[in-house]
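Nothing in this text is a laboratory measurement; each read-out follows from the coordinates by a stated rule. This one's a predicted model, so the numbers in the text were calculated from it and none came from an experiment. Don't worry about glycine lacking a Cβ; one is built from the backbone with ideal geometry, like all the others, and counts go over all protein chains shown.
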Amino acid sequence: MAIGWFATLKEADTYFNEERLETAAWDALEDKKKTAAMIQGYNRLYYGNEYEVPTYAAATADQLEILRRANAEMGYYLILHLMDEDARKNIQAQGVVKADIVEEWYSEDMLMNVPIPPIVDSMLKKAGMVNTAKSFVAVNLTRDENEDI
């Protein structure tokens, strides 16, 4: 069974060992947590609204090259920042727009946005995997009535 866009956890380890310079957070995890990070990274990209990405089974070899890198970088971001992100999103969900203790301001418009690392966004955009769907589109409409529009 695939782990995100990686065939195996060993394949993900290879990415971190051969392609990523800083890997301390990855190296410190046990295999179960590494697997969870790759699955959660995949889920964030696949189920989010920002990108149109294929499943592991439907991806071409060229797409898998990009998707594996994006998956790994998204997973690494989550390893490093998910706890802080969850705390901030929880504060925003309570309607807080300014936290004086930590001197942070929160944009009300960002509450429902899912953070994506810039490198992941760049990879997927360059590969043409941007969700271009519109929220409202009318195609091939028919009417059952004889009234003019």
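Are there any GluC sites (Glu not before Pro) in the stretch 72-127 that are in a DSSP loop and have at most 13 other Cβ atoms within 10 Å? List them by number.
Listed in order of number, the matching sites are E103.
Past 31 Å, Cα to Cα, is the threshold; run K98/K126; K33/K98; K34/K126 against it and keep the listed order.
Violating the 31 Å Cα-Cα cut-off are K98/K126; K33/K98.
Among A99, A25, A37, determine the one that fluctuates most according to a GNM of the chain built with springs between C-alpha atoms less than 10 Å apart.
A99
So what's the net charge close to L29: Lys and Arg +1, Asp and Glu -1, counting the other residues with Cβ under 15 Å from its Cβ?
Around L29, the charge tally is 0.
Taking the Cα centre of each part, how many Å lie between the stretch 67-111 and the stretch 13-62?
Centre-to-centre (Cα) distance: 19 Å.
Where the only charges are on Cβ atoms (+1 Lys, Arg; -1 Asp, Glu), what is the dipole of the chain about its Cα centre, to the nearest 20 debye?
That gives the chain a dipole magnitude of about 360 debye.
Determine, for I79, I101, the number of other Cβ atoms within 10 Å of each Cβ, and report the residues in order from fewest to most.
I101, I79
The list (1) 51; (2) 61; (3) 57 gives values of percent of Cα pairs over 19 Å apart, and only one came from this structure; which label was calculated from it?
Calculated percent of Cα pairs over 19 Å apart: the matching label is (2).
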